[in-house]
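Have a look at the structure below before the remarks.
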Amino acid sequence: MPPRKKAVPKKSAKAARVRTPAKKKTTATAKAKTKVKRAKPTRKKRGLLISFEGSEGSGKTSQISRLSTRFEDAGYPVICTREPGGTEIGEEIRHLLKHASPSTKISPQAELLLFAASRAQLVRELIVPSLDKGKIILCDRFLDSTTVYQGVGRQISAEPVHIINTFAVGDIIPDITVVLDVPAETGFARIKHRTTDLPDRMESETIDFYRKVREGYLLLAKALPERFIVVDGSRSRKWIEDKLWNELSQRIG
Ligand SMILES: Nc1ncnc2c1ncn2[C@@H]1O[C@H](COP(=O)(O)OP(=O)(O)OP(=O)(O)O)[C@@H](O)[C@H]1O
Ligand SMILES: [Mg+2]
């Protein structure tokens, strides 16, 4: 993950040489000082955005929690966030999306725009500043969730999904995307034990919806193999954690 170098325009380099006083340049101390100054990095290393995807109950939140500890223990500056949410506005949108009463029929189009609004805020308020500070961001869902859930699951055509996704994120695309792949039945069996007082709109979808979601993720991963890592989410938590740690720490270097 080498920081991108800015090319120094020839003109300004020449101008700088012309402006340097001749006397100062010739003394040994001045030369040494100049050298030390040049050796210091002028830009911070850009961070890394790692998104975690997969259907409900696939183990995203569990793995993010385990991996953030591994990253921290290894001395990496790591932060965790989630989608929708991660900011004050985003969390309000999350509540609206996840727990709207059954009588509030959110249209697929409105749903798409609400997810995008939360993401647009997260990118500008948290992700970009954190990347600039060199942090590793573990993000519980990101734009691929929209592609899969609203595109494949809700059957909104690919073009508006792509345009709205691009508008929301600008040029912030995850460096690595982990897909935890589980059969729909496994995810369902895991989440039905959840203790929550409110029904979750996505969790109340049919098993068929989740089969489509799973297929959608696998198709995306196949189309973009350089960004995606697909892991068998039905293995043990520890097995998945070790597998991901090995893959991610190798890529980060
Ligand atoms: N590998 C695993 N084997 C068995 N159970 C697991 C595994 N990973 C997670 N679980 C359990 O399954 C449930 C769902 O896990 P988790 O909340 O991490 O999934 P998630 O992908 O974040 O779900 P959601 O999309 O709904 O937030 C939890 O009770 C968790 O303890
Ligand atoms: Mg979760």
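Structural remarks
- Ile64 being modelled with pLDDT of 95 or more, within 9 Å of ligand 1 (Cβ to nearest atom) and within 24 Å of Ala221 (Cα to Cα): yes
- Looking only at the range 40-61, and only at residues there that are modelled with pLDDT under 95 and surrounded by fewer than 17 Cβ atoms within 10 Å (Cβ to Cβ), the one that is farthest from ligand 1 (Cβ to nearest atom): Lys40
- Evaluation of Pro77 against (1) closer than 20 Å to Glu53 by Cα; (2) modelled with pLDDT of 95 or more (one fails), failing number: (1)
- Scanning the range 205-241 for residues that are crowded, with 18+ Cβ neighbours inside 10 Å, more than 15 Å from ligand 1 (Cβ to nearest atom) and either part of a helix (DSSP H, G or I) or free of Cβ contacts under 8 Å to residues at least 24 places away in the same chain (or both) returns Lys212, Leu220, Ala221.
- Residue count for the range 52-108 under the criterion of being part of a helix (DSSP H, G or I) and touching a residue at least 40 places away in the same chain (Cβ under 8 Å): the result is 14.
- From the list Arg154, Arg119, Arg124, the one residue that fits, being of a type outside the set (Asp, Glu), away from ligand 2 (no atom under 16 Å from the Cβ) and crowded, with 21+ Cβ neighbours inside 10 Å, is Arg119.
- Applying the criterion of being touching an Asp or Glu at 6+ places or on another chain (Cβ under 9 Å) and within 16 Å of ligand 2 (Cβ to nearest atom) to the residues of the range 127-145, the residue that is farthest from Ser55 (Cα to Cα) is Cys139.
The values are calculated or read from the model by the stated rules, or taken from the named source; none is laboratory data. Just so it is clear, the structure is predicted and the values come from calculations on it, not from any experiment. Every residue, glycine as well, gets a Cβ built from its backbone with ideal geometry; the counts of neighbours run over all protein chains shown.
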